[in-house]
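What follows is a short report on a single structure.
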Amino acid sequence: MSFPNTSVSDVIATTIQSRTGIIADNVTSNNALLMKLKLRGNIKTFSGGNTILQELSFAENGNAGWYSGYETLPIAAQDVISAAEYTIKQAACPVTISGLEQLQNAGKEAIIDLLDARVQVAEDSMANLISTGLYSDGSAAGGKQIDGLKQQVIYTPTNIVGGINRDTWAFWKNQILDMSTDVGGVGSAANIQEGFNRMWAKLVRGADRPDLIMVDNVYWGYYMASLQNIQRFTGTDTAKLGFVSVKFMDADVVLDGGLHTGSNTGVPANHAYFLNTKYMFYRPHANRNMVPLSPGQRYSVNQDAAVQILAWAGNLTSSGLQFQGIIQD
């Protein structure tokens, strides 16, 4: 049996359609990494193709050098630009309304109120889904999940990321630090500053340096305790968007452990990610960034129900994994 009033599915579509920009913004503001990428202008849509290409430089131009007077200059072609190739990942959250609910919420305004509430839940669910994916290894749901930090910034960087084998290409390996072996003991308030200093030194190249340090509850506690006798500097950009942070050097240190339930997990326990967001990108598809899937009528042919699907496609990409780091016990 089809839905008795097929125009209701149009109400669902228009309700979502009118909120797509808000939903996309709220999703990016739900996570400190996405917020930082947004501030940097590194949320870049793509419009087509069967993969997402992220251009990168993997070598210097060998023609650069000193010369004198009329000396001949080298002009050999230099192959120094390549691209990491990321799979397009997809996510969706259906929003439904039954015929009975239509009758119980008589009047267009009442239906819109009901749908607004359900769209809000779908929005929150998608935000949590994307945030969880940012920390994933991309293996969930049969490899359909975002290629998150557990795949791209890891303690044993010998895997393939973006089509580039990190065992073959050393420039594509992130930096690592183990508190026990490199600092002489598991993480604590007494040695967390030394661990941070050592990782910072690994990642600075001229003006390039980390601008975001994501920590779990344990490392957050150690770092805050280490600052008890030191003046604390808060991050104004992150504070404006709802993230409490302090500074290490001039990078924001942000807690992304906190309260997590179910599959919504943040930074793994006893971990810190040192990220240079200049070289990281959030790449949603231009036509599939928290939008209704096929915005026309969509209703069941054998149920008294209508459905509209909130959909997203894209991935998290990098153009410089060598500028990213991870600390763990």
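Based on this model, can you work out whether ASP79 counts as surrounded by fewer than 19 Cβ atoms within 10 Å (Cβ to Cβ) and modelled with pLDDT of 90 or more? It is false that ASP79 is surrounded by fewer than 19 Cβ atoms within 10 Å (Cβ to Cβ) and modelled with pLDDT of 90 or more.
Considering GLN175, GLN151, GLN145, which residue is touching a Phe, Trp or Tyr at 6+ places or on another chain (Cβ under 8 Å), closer than 30 Å to ALA313 by Cα, of a type outside the set (Val, Ile, Thr) and modelled with pLDDT of 90 or more? GLN175 is the lone residue from the list that is touching a Phe, Trp or Tyr at 6+ places or on another chain (Cβ under 8 Å), closer than 30 Å to ALA313 by Cα, of a type outside the set (Val, Ile, Thr) and modelled with pLDDT of 90 or more.
For the range 24-51, taking the residues that are among the aliphatic types (A, V, I, L, M) and in contact with a Ser or Thr (Cβ under 7 Å, 6 or more places away or on another chain), the one that is farthest from GLY266 (Cα to Cα) is identified as ILE43.
Report whether or not THR96 is within 21 Å of ALA305 (Cβ to Cβ), within 30 Å of the chain's Cα centre (by Cα) and at pLDDT 80 or above. Yes. If you scan the range 122-148, which residues turn out to be outside any loop (DSSP other than H, G, I, E, B) and touching a Pro at 6+ places or on another chain (Cβ under 9 Å)? Result: ALA122, single match.
I want to confirm something. Restricting to the range 297-328 and keeping residues that are in a loop (DSSP other than H, G, I, E, B) and over 30 Å from ASN191 (Cα atoms), which single residue is modelled with the lowest pLDDT?
GLN297
Where residues in the range 196-224 are in contact with a helix residue (DSSP H, G or I) (Cβ under 6 Å, 6 or more places away or on another chain) and among the hydroxyl-bearing types (Ser, Thr, Tyr), which of them is farthest from ASN276 (Cα to Cα)? Of everything passing the filter in the range 196-224, TYR222 is farthest from ASN276 (Cα to Cα). Hey, does the range 265-273 have a residue that's out of contact with any Lys or Arg (no Cβ under 7 Å at 6 or more places or on another chain), modelled with pLDDT under 80 and at negative phi? Among the residues of the range 265-273, at least one is out of contact with any Lys or Arg (no Cβ under 7 Å at 6 or more places or on another chain), modelled with pLDDT under 80 and at negative phi, which makes the answer yes.
Looking at MET280, is it modelled with pLDDT of 90 or more and under 13 Å from LEU39 (Cβ atoms)? So MET280 passes the test. Evaluating THR168 against the criteria (1) among the hydroxyl-bearing types (Ser, Thr, Tyr); (2) surrounded by fewer than 16 Cβ atoms within 10 Å (Cβ to Cβ); (3) within 21 Å of PRO268 (Cα to Cα) leaves one unmet condition, (3). Here is a check on your reading of the model: is GLN102 surrounded by 13 or more Cβ atoms within 10 Å (Cβ to Cβ), more than 19 Å from the chain's Cα centre (by Cα) and either closer than 27 Å to ALA32 by Cβ or touching a residue at least 60 places away in the same chain (Cβ under 8 Å) (or both)? Taking the combined requirement at face value, the residue satisfies it.
At pLDDT below 95 and either aromatic (Phe, Trp, Tyr) or surrounded by 15 or more Cβ atoms within 10 Å (Cβ to Cβ) (or both): which single residue out of PHE196, PHE233 fits that description?
The unique qualifying residue is PHE233.
Residues in the range 201-225 that are among the hydrophobic types (A, V, I, L, M, F, W, C) and touching a strand residue (DSSP E or B) at 6+ places or on another chain (Cβ under 7 Å): LEU203, LEU212, ILE213, MET214, VAL215, TRP220. Flag not set for THR132, criterion: modelled with pLDDT of 85 or more, surrounded by fewer than 21 Cβ atoms within 10 Å (Cβ to Cβ), more than 19 Å from GLY266 (Cβ to Cβ) and hydroxyl-bearing (Ser, Thr, Tyr). For the range 155-214, the candidate set comprises residues that are in a strand (DSSP E or B), in contact (Cβ under 8 Å) with a residue 40 or more places away in the chain and not aliphatic (A, V, I, L, M); within that set, the residue that is nearest to GLN322 (Cα to Cα) is GLN175. Answer yes or no as to whether THR96 is of a type in the set (Val, Ile, Thr), in contact with a strand residue (DSSP E or B) (Cβ under 7 Å, 6 or more places away or on another chain) and in contact (Cβ under 8 Å) with a residue 60 or more places away in the chain. Yes: the conditions hold for THR96.
The values are calculated or read from the model by the stated rules, or taken from the named source; none is laboratory data. Since the structure is predicted, the reported quantities are computational estimates derived from the model, not experimental observations. Note that each Cβ is placed from the backbone with ideal geometry, even for glycine, and that neighbours are counted across all protein chains shown.
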